[in-house]
Structure formats: C-alpha cells, structure tokens
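A.B. asks: Submitted below is the structure of interest, expressed as structure tokens.
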Amino acid sequence: MRYFPLFADLENAGVLVVGGGEQATQKVRLLTRTRARITLVAETPNEELAGLAGSGRLTLDRRAFEPAMLEGHRFVYVATGDDATDRSISEAAQARGLPVNVVDKPDLSTFITPAIVDRTPVTVAIGTEGAAPIIAREIKTKLETWLPANLGRLALRAQHLRDEIARHVPDMRLRRRLWERLLQGPFRWAVLAGRDQDADKALETELLAARGDAHARGRVALIGCGPGDPDLLTLKAVQRLQEADVLVVDRLVNPKILDYARRDAERIYVGKTPRGAATSQVEINRILVREGLAGKVVARLKGGDPFIFGRASEELAALEEAGIAVEVVPGVTAAHACAARIALPVTMRERVRQFSVVTGTTADGEPDLDWAALAREGTAFAIYMGVANAPLVRAKLIEAGADPATPVVIVENGTLPNERAFATTLGDISDCLVERAIKGPAVIFVGLDWADAGLKRPEAVETYARPRPRKLFANSHINPRVEVEL
Ligand SMILES: C[S@@+](CC[C@H](N)C(=O)[O-])C[C@H]1O[C@@H](n2cnc3c(N)ncnc32)[C@H](O)[C@@H]1O
C-alpha cells in the first residue's frame, strides 16, 4: 500500500485551490460539502466558480498565484492547465511542507483524492493509487446503489445514543452485541424509514434483551471457509466472522479470510500440520467450550466444509454437552472447488454415476478402504490427505483389479495463487508426485477424465507420463531381448 487512507478534519481549515477551469471546479464542488474555508486563486474563474464566490461559499483572489498565498492553508489543490505553473506551485507547497494535489498529475502530488460515497457522517473512500480510476468508479456506483440514502440518519441517531447505551450496558462485549442488533434489526429499519416512534419501541425492546444477555452463554459457529480463495466464502460465513469476539483458526484457512473479521477480535491459532506440531483435538474442544462458557461469540474457522474430514462432529458434540449454542456453516469443500477450477465434472451421465470422497490418511497412518469397490470401473473418487500414502493407494487399487491406465488428476493448492494441476494415470501417480515435487495440500481425483464428458483438458493442467524405458536399437527386431533403460 503506497497511499494510506486518512480522514482529514476540515472544520474551519483553510484549503487553497489554484485554477479557474472545470478541473478546479470539480474539486471546489467536492470541498463545498465540507466545512473548510476555501480560497480560490483564479484570474479568470468560470461562471460556476464566480457564482460560488458571489454567494460567499469561497473567497476569490483574482491575482496570479504567488507563494505567499499558501500562508494559512492546510491543503492545496492545483489545476491551472499549464504544466510549468502547476509544477512551480507544487514545489512551493512542498517546500512549505503542505500536502498538495495537482489534478491528474500524481508525480507532482503528495496526496490523492479518493472516489467518495457520501452518507455523512458515514463516508466511504475508494482509491486505486491512480492505477485504474475506472475500478474505483465501478465500486462507487455499486456502493451508491447498495447503501441506503439515509444511512447517515441512522449513524447520527447511533451517535446520540452512545452515552445512554454505555450507561445501560457497561460490559463492552454485550454492548457490541446490542449495537449489532440495533443496527441490523427493526430499530435500523424504523430509523431508515423515518418511523421514529417504532424506532423508540425497538430500542426499548433491545435494551431489555441486552440486560438478559448479561446472564447468557456465548455461541459458536463452526464455519467452513472453503479451500482458500476468500471469494468462495458464503455470505453467512462472512456475517458470522464479523460478529465474532474470538476466532479459533485452522492451519489451512487462508489468512486473507481473517480480514473479514473485526480487527479487535481475539485470534487463537490451533493449526494442525500433518505429522507436525499440533494442537490436539481435545485441546481445541476445550478452547471452544471455555470461550463459549465465557459468553463470547466464537467463530471456529475450518478449511473447506466442516463436515468433510473436518472433525467438526467432535467439536459439535463437546459444545452440545457443555450446553453451548452451536451452528454449522457449510463451506465449499476442496474437491468441489478444485474440480471447478479445472472444469472437471465429478459425475458424468452414463459414465460416472457415483462419486465419493475418501481419506488417504487415518489416525494410524494407513488408509483402510474398500479397495475392491473403489477399483470397480465407472467409480470415481477424490482422495483427501492422500499425497504421502499415494504409493500405497496405487498398489492397493491395482491389486484389487484397477487398470493402471485409470485417469488421475491432482490439484495442489486449489484456488490459491500457487495452484498447480496435473493429469496422469494411476500407474504413474507416485512418480508424478515425486517428479513434480507435489507436497500438498492436494486433492487426487481418480477415474475422472474430461474426454469422458466430451470436454477438452484445460491448458493449465500439465500432463504427466512416467518416462518409459527407451529401446537402445530403433530396429529392435535385430535383437528383441536387448533393451537398456537410459
Ligand atoms: C483435514 S482435510 C480438510 C478438508 C476440508 N474440510 C474440506 O472440506 O476441504 C485437509 C485436506 O483437504 C484437501 N485440501 C484442503 N485445501 C485444499 C486446497 N486448497 N487444494 C487442494 N486440496 C486441499 C487436501 O487433501 C488436504 O490434505
């Protein structure tokens, strides 16, 4: 981040604008929404600027710019239309340590003005560091339609209630929860609709409920956060993240997902690395129960879907036993997300009527699966946690009758920037994992091929075939038994 967003207090602050054309007018229009004292330096101001001067909204100085005019100002905007003049004014401002913006000239500016969505006192500033203003405009348009026009009224009402609510509900956590309910429920709707009496009634109801909350237990949401890409979070997951006082976070949860939580939410990392340092499941259950009993709103963040190789059932049972309210928020599981990334259907009419997910690792290390069923033709499955035991899985499947030519697709770090995908065969799977240094996390699909669905393999998927022994003699019929692996 090169440009850091800040909100400057312009109450009675002097702002100097130099220039009398359209660009200067645009800045002046923006500034007239603030409480700044605007001085305009323009020898020939356009009609709109002259009109604003006439109405007393700004002070007009019709002389040519001189550095002494910078005195008493806190910010400077420049748009004279002349490069050399713009440059010299910028230099004069910078020499005095004054923040200066030369319109559309970032190299001469020390600050830039963001696109603004104005619902005063709620203000949204959007910037792209000058890289793509069109993106900022697109976001602004979306926000303008999304945010209620009188959101500012709700914020002002909240401001007036602050002290009263702090007196009624001294506990900070309970107060935050009360605010969430006020600003998302009937109170909000009544204020936005201008129904003041209904708003007062809703406020009274919520204050009573807040007193009851003081004796309440917390609640826990077991949230599926998907395979990594934050865009795959569900809306419910984002809501629960934003409400949480405490985040209990798994190893495979992308840290970017935590940006959706409140900055002041406490974070407890309970990463479990395969065969590495780990917080035991018993300890994780204990943490969840402890936080719930302390009355906190807990978001337990798990990779993919909580119920697919996620041990959510154990957490659920522990919380239910302790009498703590618990909710499961489903997530996009790794197999589905990885298949989508490489456009690989996991069921195919006529050809693949059954698709399962299996684990390549169990508590004692080796998977104990129904190999005969998995080896049957027309069966497709995704192996989770299967990288380390892939040679064993390969051997078991082939022993159970699977064709070594069965298609295999491996997706590593699916949906993340370092995603890789390989198409190989069951016979070559171990070599592919070693040769391509696939460490995981990875999903291994067995029995699925694009061709079976009438599709092409995407170019991003690399084909891997184990190098076969080459014949030393091209016309090996001379001595068919002489074959040397090179
Ligand atoms: C303990 S399991 C958790 C699965 C998770 N609950 C789900 O529904 O995706 C971890 C395994 O999920 C798979 N996995 C998780 N994230 C992945 C990703 N981004 N790309 C590929 N596989 C992933 C890998 O097989 C990894 O070993």
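The values are calculated or read from the model by the stated rules, or taken from the named source; none is laboratory data. All of these numbers come straight from a predicted model, not from anything done at the bench. Cβ placement follows ideal geometry from the backbone for every residue including glycine, while neighbour counts extend to all protein chains displayed.
A.B. asks: Looking only at segment 51-80, count how many residues are farther than 24 Å from residue 105 by Cα and among the polar types (S, T, N, Q).
C.D. replies: Residues in segment 51-80 being farther than 24 Å from residue 105 by Cα and among the polar types (S, T, N, Q): 2 in total.
A.B. asks: Check whether at least one residue in segment 436-446 is in contact (Cβ under 8 Å) with a residue 40 or more places away in the chain, surrounded by fewer than 19 Cβ atoms within 10 Å (Cβ to Cβ) and outside the structural domain of residue 271 (by TED's automatic domain parsing), and report yes or no. Lay out the reasoning, then the answer.
C.D. replies: Of all residues in segment 436-446, those in contact (Cβ under 8 Å) with a residue 40 or more places away in the chain come to 438-446.
Right, trim to surrounded by fewer than 19 Cβ atoms within 10 Å (Cβ to Cβ) and you get 439-440.
Then keep just the ones that are outside the structural domain of residue 271 (by TED's automatic domain parsing); that gives 439-440.
Looking for residues that are in contact (Cβ under 8 Å) with a residue 40 or more places away in the chain, surrounded by fewer than 19 Cβ atoms within 10 Å (Cβ to Cβ) and outside the structural domain of residue 271 (by TED's automatic domain parsing), one finds at least one in segment 436-446, hence yes.
A.B. asks: Moving on. Which one is farthest from the ligand (Cβ to nearest atom) among residues in segment 407-425 that are surrounded by fewer than 22 Cβ atoms within 10 Å (Cβ to Cβ) and without any contact (Cβ under 8 Å) to a residue 60 or more places away in the chain?
C.D. replies: So in segment 407-425, the residues surrounded by fewer than 22 Cβ atoms within 10 Å (Cβ to Cβ) come out as 407, 413, 415-420, 425.
Checking which are without any contact (Cβ under 8 Å) to a residue 60 or more places away in the chain leaves us with 407, 417-418, 420, 425.
Numbers: 407: 18, 417: 11, 418: 10, 420: 10, 425: 20 Å.
For segment 407-425, the residue satisfying everything is 425.
A.B. asks: Which of the numbered conditions does residue 284 fail, given that it passes all the others? Conditions: (1) buried (at least 21 other Cβ atoms within 10 Å of the Cβ); (2) more than 16 Å from the ligand (Cβ to nearest atom); (3) part of a helix (DSSP H, G or I); (4) assigned by TED's automatic domain parsing to the domain that holds residue 257.
C.D. replies: It is condition (2) that residue 284 fails.
A.B. asks: Is there a residue in segment 291-313 that is assigned to a helix (DSSP H, G or I) and within 16 Å of the ligand (Cβ to nearest atom)?
C.D. replies: As a first pass, look at segment 291-313 and keep what is assigned to a helix (DSSP H, G or I): 291-293, 312-313.
Still in the running and within 16 Å of the ligand (Cβ to nearest atom): 312-313.
Yes: one or more hits.
A.B. asks: Have a look at 181, 177, 167 and point out the one that is outside the structural domain of residue 246 (by TED's automatic domain parsing) and in contact with a Phe, Trp or Tyr (Cβ under 9 Å, 6 or more places away or on another chain). Don't jump to the end; show me each part of the working.
C.D. replies: Values: 177 fails: in contact with a Phe, Trp or Tyr (Cβ under 9 Å, 6 or more places away or on another chain); 167 fails: in contact with a Phe, Trp or Tyr (Cβ under 9 Å, 6 or more places away or on another chain).
Result: 181 is the single residue among 181, 177, 167 that is outside the structural domain of residue 246 (by TED's automatic domain parsing) and in contact with a Phe, Trp or Tyr (Cβ under 9 Å, 6 or more places away or on another chain).
A.B. asks: Could you give me the residue pairs with C-beta distances under 6 Å whose first residue belongs to segment 37-65 and is within 17 Å of residue 82 (Cβ to Cβ) and surrounded by 12 or more Cβ atoms within 10 Å (Cβ to Cβ), whose second residue is of a type in the set (Val, Ile, Thr) and at pLDDT 95 or above wherever it lies, and which are 6+ apart or on separate chains?
C.D. replies: Final answer for the pair search is 40/17; 41/18; 65/18; 65/41; 65/89.
A.B. asks: Looking at this structure, is residue 416 in a loop (DSSP other than H, G, I, E, B), farther than 28 Å from residue 375 by Cα and at pLDDT below 95?
C.D. replies: Details: in a loop (DSSP other than H, G, I, E, B): yes; farther than 28 Å from residue 375 by Cα: yes; at pLDDT below 95: no.
Against the criterion (in a loop (DSSP other than H, G, I, E, B), farther than 28 Å from residue 375 by Cα and at pLDDT below 95), residue 416 does not qualify.
A.B. asks: With the requirement that a residue be among the basic types (Lys, Arg) and touching a strand residue (DSSP E or B) at 6+ places or on another chain (Cβ under 9 Å), what does segment 16-40 give you? Walk me through it before giving the result.
C.D. replies: In the first step, residues of segment 16-40 are kept if they are among the basic types (Lys, Arg); the result is 27, 29, 33, 35, 37.
Within segment 16-40, 27, 33, 37 qualify.
A.B. asks: Considering only residues that are aromatic (Phe, Trp, Tyr) and under 46 Å from the mean Cα position of the chain (by Cα), look in segment 53-91 and name the one that is nearest to residue 9 (Cα to Cα). Show your work before the answer.
C.D. replies: Step one: filter segment 53-91 for residues aromatic (Phe, Trp, Tyr), giving 65, 75, 77.
Checking the rest, the ones that are also under 46 Å from the mean Cα position of the chain (by Cα) come to 75, 77.
Numbers: 75: 11, 77: 16 Å.
This residue is 75.
A.B. asks: Could you check how many residues of segment 427-445 are basic (Lys, Arg) and within 10 Å of the ligand (Cβ to nearest atom)?
C.D. replies: First pass over segment 427-445, keeping only residues basic (Lys, Arg): 436, 439.
Filter again for within 10 Å of the ligand (Cβ to nearest atom), leaving none.
So the answer is 0.
A.B. asks: Sort out which residues of segment 384-413 are acidic (Asp, Glu) and within 16 Å of residue 371 (Cβ to Cβ), and write them in order of number. Spell out how you get there, then give the answer.
C.D. replies: From segment 384-413, those acidic (Asp, Glu) are 399, 403, 412; that's our starting set.
399, 403 - these are the residues of segment 384-413 that are acidic (Asp, Glu) and within 16 Å of residue 371 (Cβ to Cβ).
A.B. asks: Still on this structure: Which condition from (1) outside any helix (DSSP H, G or I); (2) over 22 Å from the mean Cα position of the chain (by Cα); (3) surrounded by 14 or more Cβ atoms within 10 Å (Cβ to Cβ) is the one that residue 128 breaks?
C.D. replies: Failed condition: (2).
A.B. asks: Every residue in segment 305-339 that is of a type in the set (Gly, Ala, Ser), under 19 Å from residue 285 (Cα atoms) and in contact with a Pro (Cβ under 7 Å, 6 or more places away or on another chain), please.
C.D. replies: Step one: list which residues in segment 305-339 are of a type in the set (Gly, Ala, Ser), which gives 310, 312-313, 317-318, 322-323, 325, 331, 334-335, 337, 339.
From what's left, under 19 Å from residue 285 (Cα atoms): 310, 312-313, 317-318, 322-323, 325.
Result: 312, single match.
A.B. asks: Considering only segment 375-396, how many residues are outside any loop (DSSP other than H, G, I, E, B), more than 12 Å from the ligand (Cβ to nearest atom) and either hydroxyl-bearing (Ser, Thr, Tyr) or in contact (Cβ under 8 Å) with a residue 12 or more places away in the chain (or both)?
C.D. replies: Quick first cut of segment 375-396, residues outside any loop (DSSP other than H, G, I, E, B) only: 375, 379-384, 390-396.
Remaining after also requiring more than 12 Å from the ligand (Cβ to nearest atom): 375, 379-381, 391-396.
Still in the running and either hydroxyl-bearing (Ser, Thr, Tyr) or in contact (Cβ under 8 Å) with a residue 12 or more places away in the chain (or both): 375, 379-381, 391-394, 396.
Residues in segment 375-396 being outside any loop (DSSP other than H, G, I, E, B), more than 12 Å from the ligand (Cβ to nearest atom) and either hydroxyl-bearing (Ser, Thr, Tyr) or in contact (Cβ under 8 Å) with a residue 12 or more places away in the chain (or both): 9 in total.
A.B. asks: Turning to a different aspect of this structure: Just checking, does segment 436-448 include any residue being within 15 Å of residue 355 (Cα to Cα) and in a loop (DSSP other than H, G, I, E, B)? Reasoning before the result, please.
C.D. replies: At the first step, the residues of segment 436-448 found to be within 15 Å of residue 355 (Cα to Cα) are 443-448.
Cutting the leftovers down to in a loop (DSSP other than H, G, I, E, B) gives us 447-448.
Yes - at least one qualifying residue is present in segment 436-448.
A.B. asks: Let me ask something else about it. Within segment 25-51, count every residue that is within 37 Å of the chain's Cα centre (by Cα) and either within 17 Å of residue 62 (Cα to Cα) or in a loop (DSSP other than H, G, I, E, B) (or both).
C.D. replies: Keep residues of segment 25-51 that are within 37 Å of the chain's Cα centre (by Cα), which gives 26-36.
Add one more test, that the residue is either within 17 Å of residue 62 (Cα to Cα) or in a loop (DSSP other than H, G, I, E, B) (or both), and what stays is 28, 32-36.
Here the count works out to 6.
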